[in-house]
Amino acid sequence: MLDRPDIVAVMVGVAVEGPYSYRVPHGMSVERGSIVSVPLGPRLVLGVVWGAPKDSFAHNRLRDIALAYDVPPLSDELMRLVDWVARYTITPPGQVLRGVLRSPEALDAPKPTTAFRRTGVVPDKMTSARDRVLEILADEMAWPKPALIGAAGVSASVVEGLEKAGVVERIELAAAPIVQIPNPDAAPSTLSPEQQSALNQILETGAHNFGVALLDGVTGGGKTEVFFEAVADTLRAGRQAVILLPEIALTNTFIDRFTRRFGTRPAEWHSDLTPAQRAKIWRGVLDGTVRAVVGARSALFLPFRELGLLVLDEEHDGAYKQSEGFTYHARDMAIVRAQFAKARVILSSATPSVESRNNANQGRYAHVRLTSRFAEAAMPNITALDMRTDGPEKGEWIAPTLAREIFAALDRGEQALLFLNRRGYAPLTLCRSCGHQYKCPDCSAWMVEHRFRGVIMCHHCGHEMKTPKVCGECGDTESLTAVGPGIERVAEEVAVRFPDARRVLLSTDMGSHTQLRDRFSEVARGEFDLIIGTQLVSKGHHFEKLSVVGVLDADLGLAHGDPRASEKTFQILTQVAGRAGRASQHGKAFLQTYHPDHPVMKAMVSGDREAFYASELHAREAGGMPPFGRLAALIVSSGEQALAMAHARMLLTSAPMAEGVRLFGPADAPVSMIRGRHRVRLLAQSGRDFDLSGYVRFWLASAEKAKGDLRVQIDIDPVSFM
Ligand code: ADP
Ligand code: ZN
């Protein structure tokens, strides 16, 4: 309990550096973790009792806690996570806490539902509408008002009239839970011997202990089946489980699989929830009525009190890095939370991150493998198509060999997928007369043509304009040309070459998450023959009839000076190729490339992923890059390039000396302007055993603060280098 229970420290959910002291009014009782409302300046804000106050204050100078909510306190492990994340990412702890207190509505008592039932009194006047209502209520059950009105097809006034006449009575029912409790024994799978031994290896860490397993298995090997059994084990042990997915992979197919396995839908947590749904799930997680959550990155910060398992599906995915607001990596923070909560972690992937592979190699994680596909399915056969000799005809994007294979697949009644990681119609619009290239006025980026919508737009800031007909520079007409392909342009070629195929275009431009989920379900049901998609289609989908995959530009990811370019390319190519032949013997994938001799392409074609990891780990070690070294990026931005550069130079000169730390920059960032702000980068590199986050914290605390429109964004363990 707290030392001086009448004064406590409260962390408020605003960007402040630490908790403030408040007085607990007479008659109120709080403990560490209690969620409260406190006055801050003129307003009331949400906060959490953090513990005993650091300083002693004169009683009369303190303000009172206004309200203690009638909900269970946050768990100690979650509060430790907040402190840890704040410290490591150099973010005010109140701002991290705000990420936890995501649903203020959840704190109010759940509203009961108004329902009606018969009293036994016989109405003196009957109408057909009244008759329908009483018929429905004949079995003496109470019906919630909206359901009753809907089922009887009457207006509310009919029911109210019956109430006035004493024929029906109003009762209050407790609100229905948002989800049912999942049943760990509803429909367990019979695991193959390899899957069973993988599960056993994971369960070696007991349900109440900390341990990390890297579930490293080929696409279609049954990783999902295996981690579902680990979820079941956790539920049986009376603990809660969370499965994190890269946001866009939150498909109906996955939810349906969970539902079949556990006999009920999981609680979902993602950006498309309504505030009411959000509130019910958040509160259910806190009061323990929600036992399993399937969610995006931010589900990591849900207020579980009995967390026993965190699964990260597709653990290598870049979507786990949050890069707006405060930057954190959900994979790393999941492991921190599991440590505090004494919980298990499963990192699942067919293409683990180089970091996780290294941790498994070093014995820090259990390395759990699935080496073969389930049942009859075999790994796809991968071929590189050399663009210099076997490339497409001029003006086309699909090589003849690939086109033949697509025809053959369609003839067999199977599906084909064309993958190009570029939204829109063309990445560049160029004037053939004067050479003018359309660029975003606010970003250092070309305007990408989106022909279906008739606009050109910037993919960094969303700025768009109607596609020009006349060159904005020289005024020439009919001189503007689209350069290079985006998926809309590929779709145009596909429509001409495969006119009879049922085609679908899948990218984030093609609708809301909900609409996209529906499209994915249709593809899975076989309602389309030819799928043209961006990165979106590479993640976790299981399309049974898909047998041919064509990657139109396998080199796309290798171009820029990103230290993770090889890894990212290897992962995305493996994932995309892995969509082929998930349920059959003859999956084929084709990689159109100008660099068939690149180590990534060679590893893909030979299927020798171990060779890829070995060479990549070797290169990282030689360069002192993660996971053998640490990186931290500082991005200084301002409306004026000179201001940003001057501030970055000043930061560099005030950097403390420390052995083993190397500083690079300042230099213009690869994307040197976004939304009108010029960006200058500094990069700090250190050995693995050095506290680089602590170094940056100390550095910034001692340096002159950024003023005016200057901003310094800190990215510990950066994943993107733009
Ligand atoms: P991964 O997650 O490794 O890509 P999945 O778990 O999606 O693999 O499994 C691929 C396919 O094989 C799915 O359709 C799945 O239902 C099926 N499958 C895998 N293991 C089993 C099993 N033990 N029993 C029944 N079906 C299985
Ligand atoms: Zn822009």
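A few points about this structure:
- Size of charge dipole - the chain - debye, nearest 20, with Cβ of Lys, Arg +1 and Asp, Glu -1, no other charges: 1060
- Here's the picture: charge each Lys and Arg Cβ at +1 and each Asp and Glu Cβ at -1 in region 591-680, and of SER615, PRO599, MET657 the one pushed furthest to the positive end of that dipole is MET657.
- Between ALA667 and THR389, the modelled labels are 3.6 nm apart [label points 7 Å from Cα along Cα→Cβ].
- The 3J(HN,Hα) values that the Karplus relation (6.51, -1.76, 1.60; θ = phi - 60°) gives for region 424-438 are, in residue order, x, 8, 8, x, 8, 10, 10, 8, 5, 7, 10, x, 4, 10, 6 Hz. Gly and Pro appear as x.
- Taking 17 Å as the straight-line reach from the Cα of LYS545, the lysines in range (excluding those fewer than 8 positions away in the same chain) are LYS588.
- Restriction of the GluC sites (Glu not before Pro) in region 336-444 to DSSP coil positions whose beta-carbon has at most 13 other beta-carbons within 10 angstrom yields GLU376, GLU393.
- Charge tally in the Cβ shell below 12 Å around ALA667, where Lys, Arg are +1 and Asp, Glu are -1, ALA667 excluded: +2
- The equivalent ellipsoid that matches the C-alpha gyration tensor of region 164-227 spans semi-axes of 46, 15, 10 angstrom, in descending order.
- In plain terms, if you count all Cα to Cα distances in the chain and split them into 10 Å steps from zero, the share in each step is 3, 12, 19, 23, 21, 13, 7, 3, 0, 0 percent.
- Surface listing: CYS471, CYS434 arranged by accessible area from highest to lowest gives CYS434, CYS471, probe 1.4 Å.
- Spherically averaged projected area of region 358-466 from its Cα convex hull (nm²): 13.6
- Reducing region 640-675 and region 142-181 to their Cα centroids gives an inter-centroid distance of 65 Å.
- Positive minus negative residues near GLU105 (Lys, Arg vs Asp, Glu; Cβ under 12 Å): +4
- The coefficient of translational diffusion for region 1-119, derived via Stokes-Einstein from the alpha carbon Kirkwood radius under 37 °C and 0.692 mPa s, stands at 216 µm²/s.
- Among the trypsin sites (Lys or Arg not before Pro) within region 100-138, those in coil by DSSP and having at most 13 neighbouring Cβ atoms inside 10 Å are LYS125.
- Semi-axes of the equivalent ellipsoid for region 587-626, computed as √(5λ) from the eigenvalues of its C-alpha gyration tensor and ordered from largest down, come to 23, 12, 7 Å.
- Calculated P(r) tail over 18 Å for region 287-389, as whole % of Cα pairs: 59
- Percent accessible area from carbon and sulfur atoms, the chain, protein chains only, probe 1.4 Å: 52
- Two-decimal log10 I(q)/I(0) for region 570-697, as the Debye equation yields it once each C-alpha is a single scatterer, q = 0.10, 0.15, 0.20, 0.21 Å⁻¹: -0.55, -0.87, -1.04, -1.09
- Against the criterion of solvent-accessible heavy-atom surface with a 1.4 angstrom probe, GLU324, GLU194 sort, most first, into GLU324, GLU194.
- Loop-located trypsin sites (Lys or Arg not before Pro) in region 575-674, at most 15 other Cβ atoms within 10 Å (DSSP): none
- Computed from point charges on the beta carbon alone (+1 for Lys and Arg, -1 for Asp and Glu), the dipole magnitude for region 209-293 about its Cα centre is near 320 Debye.
- In this structure PHE664 has an accessible area near 80 Å², from a 1.4 Å probe over the protein heavy atoms.
- Heavy-atom accessible area per residue - the chain, 1.4 Å, Å²: 44
- Histogram of C-alpha separations across region 70-112, 10 Å bin width, %: 26, 45, 23, 6, 0
- Percent of Cα-Cα distances greater than 12 Å, calculated over region 96-147: 75
- Computed over region 590-722, relative contact order equals 31 percent, with contacts defined as Cα pairs under 8 Å that lie 6+ residues apart.
The values are calculated or read from the model by the stated rules, or taken from the named source; none is laboratory data. Because the structure is a prediction, the values reported are computed rather than measured. Counting neighbours? That spans all protein chains shown, and the Cβs are built from the backbone with ideal geometry, glycine included. Heads up: the accessible areas ignore ligands, DNA and RNA and are worked out on the full protein's heavy atoms, side chains in. Shrake-Rupley method; radii C 1.70, N 1.55, O 1.52, S 1.80 Å.
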